[in-house]
Each structure stands twice: as C-alpha cells, then as structure tokens.
Amino acid sequence: MLSRSAREADETLRYGEGSEHVIELWRPGNGPVTRTVVVVHGGFWAAEYDRTHIRPLCAELARQGYLTAALEYHRVGQPLGGWPGTFTDVADGLDALPALTGGLVDGANTVLLGHSAGGHLALWAASRHRLPPGSPCHGGEPLRVRGVVSLAGVCDLEAAYRLNLDDGAVRRLLGGGPAQVPDRYRDADPAGLLPLGARCVLLHGDEDDRVPFDISRLYYHVAAGQGDDVTLERLDGMGHFELIDPGAPAFRAVLGAIDAVFAPEWAAR
C-alpha cells in the first residue's frame with residue numbers, strides 16, 4: 001500500500017502557505033455531491049509518510065459516489081510539524097473546506113475517516129469543541145462533522161506512549177511523555193476529549209502488528225461509558241494495511257462503516 005499508484009486527484013486545494021497545506025479532491029463520477037469523506041492518512045505522524053499511500057483508497061471512495069478529500073498536514077521532522085503544528089494544520093484544513101469548495105462541503109454531510117495516526121487525528125478533529133479555551137489548538141467555531149470512521153486508529157495517546165508504538169512516536173509528536181507535558185496530552189488525546197457527541201465507528205484488525213487492537217478497545221469502552229454512539233468492529237485475520245486497501249476483503253467493512261455513520265436514524269437523533 002505504501003507504493004501502490006492511483007489516479008490523480010481531480011483538484012488540489014490550498015488552505016495555507018506551508019508546503020503541506022494542501023487538500024487533494026476526488027469528485028464522484030455521476031450525480032450531485034451529497035456526501036463527503038475527508039481522509040486523514042497515517043504514518044505515525046512522521047515526515048516520511050505523506051498522503052501518497054492513501055490515494056488508492058480516496059480514488060475508490062470517489063468511485064463509490066463520495067466527494068473525497070485527502071487532507072495533508074505538516075508532520076514530525078518538518079519545521080511546522082509536531083506539537084502543535086500537526087494539529088492546527090488538520091483543524092485549519094478541515095475548517096477551510098466549505099469555503100474552498102464553494103459550499104459543496106457541509107459538516108452535517110461529512111464523515112472524517114482516518115487510518116492509524118490519521119485515525120487519531122480524525123477523532124481529535126471531531127473532538128475540538130471540547131478543547132479548553134487556553135489550548136494552542138482552540139480557536140473559532142470548529143466544523144462539526146457527522147461522524148468519524150477510525151481504521152486501526154491510535155485512539156488513545158497515553159496507552160500508545162506506554163506501549164512505545166513505533167519506538168516513541170507519541171513522544172516525538174508531543175515532545176515528551178504524560179509526566180513531562182501533561183497539558184499537551186490533555187489537549188491532544190481524543191480519549192481524554194470525550195464524549196465525542198457524534199457517531200463513531202472503530203474498525204481494527206485482530207492481527208495488527210503496528211497498532212494493537214486493544215488501543216481501539218480502550219477508546220470504545222471509555223466512549224461508550226460516556227454515552228457516545230460508538231461501534232467497535234474487530235476484523236478477524238486482518239493486519240494494519242488491509243484496512244486501506246480497496247482490493248482487500250476489509251474494504252467492505254470500511255464502506256459499511258461509512259454507511260453506518262451516514263444512516264438516517266443517526267441524523268434524526
């Protein structure tokens with residue numbers, strides 16, 4: 001998946017002056033745009049992993065009828081990456097989408113979908129309304145989306161830090177551990193910004209050797225305990241990258257998760 005090619009995006013939008021302040025847009029082939037999926041790629045927030053590997057998924061989602069936007073952001077190892085730049089990039093890019101698309105993107109008809117570290121960022125972006133006023137990432141009125149689909153997401157940063165995922169990825173992202181920079185974990189960890197107040201579906205393979213299934217399970221139990229409408233689906237026999245491979249069996253579950261978030265019964269609540 002890290003080297004597979006896909007068709008070029010139909011349009012590239014800019015939401016800032018930085019090198020990574022771009023959003024690639026794939027338009028559905030037929031009919032009016034009624035539903036948008038904003039995709040946030042993973043790669044443990046590291047500079048060497050950009051949106052390239054998520055393009056096959058984006059192109060296929062557009063083929064399935066969704067306006068699909070791949071939101072890029074500065075990552076650890078880049079001058080504007082890490083804390084808080086990675087977070088403010090995702091926030092700024094998401095909030096800019098309605099204006100950049102001439103009103104085509106509407107938060108009520110938008111789902112955030114993130115893979116791995118992108119799952120963390122998608123859940124965090126949907127939780128920004130719970131940030132305290134003094135947070136560096138607090139600002140304005142965040143775009144409130146319909147819901148989130150997390151694919152093998154790093155949903156709990158404190159747990160990921162304890163497990164030393166990717167040999168210290170969370171420490172590199174936030175500049176230390178929970179004891180050294182507690183305010184950053186307070187503001188950056190979606191597991192600490194619950195209840196989400198939006199529909200959430202967590203998909204995770206039980207053979208994932210990059211982000212353990214228990215990371216999603218921890219988030220699920222906390223979110224459910226806070227009254228959120230959250231679903232956790234364990235994908236038996238699946239690893240980490242099958243969840244973003246349109247040719248893998250797991251893709252059916254991904255489409256099902258998106259459909260669940262868009263379900264009319266949720267809109268009526």
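FYI, it's all coordinate maths here, none of it is from the lab. Because the structure is predicted, anything quoted here is derived from the model rather than measured. Glycine gets a Cβ as well: all are built from the backbone with ideal geometry, and neighbour counts include every protein chain shown.
The residues listed here are ASP183, ASP167, ASP156; of these, the one that is among the acidic types (Asp, Glu) and buried (at least 17 other Cβ atoms within 10 Å of the Cβ) is ASP156.
Here is a yes/no grid of residues against (1) touching a residue at least 40 places away in the same chain (Cβ under 8 Å); (2) at positive phi; (3) outside any loop (DSSP other than H, G, I, E, B):
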{"position": "ASP209", "(1), (2), (3)": "no, no, no"}
{"position": "SER216", "(1), (2), (3)": "yes, no, yes"}
{"position": "GLU242", "(1), (2), (3)": "no, no, yes"}
{"position": "ALA248", "(1), (2), (3)": "no, no, no"}
{"position": "VAL254", "(1), (2), (3)": "yes, no, yes"}
{"position": "ASP259", "(1), (2), (3)": "no, no, yes"}
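Yes or no, residue by residue, for (1) of a type outside the set (S, T, N, Q); (2) within 18 Å of VAL148 (Cα to Cα); (3) surrounded by fewer than 17 Cβ atoms within 10 Å (Cβ to Cβ):
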| residue | (1), (2), (3) |
| --- | --- |
| LEU194 | yes, yes, no |
| ARG199 | yes, yes, no |
| LEU202 | yes, yes, no |
| GLU207 | yes, no, yes |
| PHE213 | yes, yes, no |
| SER216 | no, yes, no |
| HIS221 | yes, yes, yes |
| GLY227 | yes, yes, yes |
| GLY237 | yes, no, yes |
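Filtering the stretch 66-117 down to residues that are of a type in the set (Gly, Ala, Ser) and within 14 Å of the chain's Cα centre (by Cα), which residue is surrounded by the fewest Cβ atoms within 10 Å (Cβ to Cβ)?
Looking at the filtered set, the residue picked out is ALA91.
None of VAL111, VAL105, VAL149, VAL170 is touching a Gly at 6+ places or on another chain (Cβ under 9 Å) and more than 22 Å from LEU235 (Cα to Cα) except VAL170.
Considering the stretch 20-55 alone, what residues qualify as being more than 20 Å from the chain's Cα centre (by Cα) and farther than 18 Å from ILE258 by Cα? Residues satisfying the conditions are GLY29, ASN30, GLY31, PRO32. Listed by position, the helices (runs of 4 or more DSSP H) enclosed by the stretch 114-180 that each have at least 2 residues that are over 21 Å from THR36 (Cα atoms) are 157-162, 169-174. For first residues located in the stretch 163-174 and under 19 Å from LEU218 (Cα atoms), partners that are assigned to a helix (DSSP H, G or I) and not hydroxyl-bearing (Ser, Thr, Tyr) and lie 6+ apart or on another chain with Cβ distances below 6 Å form the pairs VAL170/LEU157; VAL170/ALA160. From the set of residues in the stretch 21-55 that are closer than 17 Å to LEU113 by Cα and polar (S, T, N, Q), which is surrounded by the most Cβ atoms within 10 Å (Cβ to Cβ)? Per the stated criteria, the residue is THR36.
Answer yes if at least one residue in the stretch 226-233 is in contact (Cβ under 8 Å) with a residue 12 or more places away in the chain and part of a helix (DSSP H, G or I), and no otherwise.
Initial filter on the stretch 226-233 (in contact (Cβ under 8 Å) with a residue 12 or more places away in the chain): 226-233.
Add one more test, that the residue is part of a helix (DSSP H, G or I), and what stays is none.
No: zero hits.
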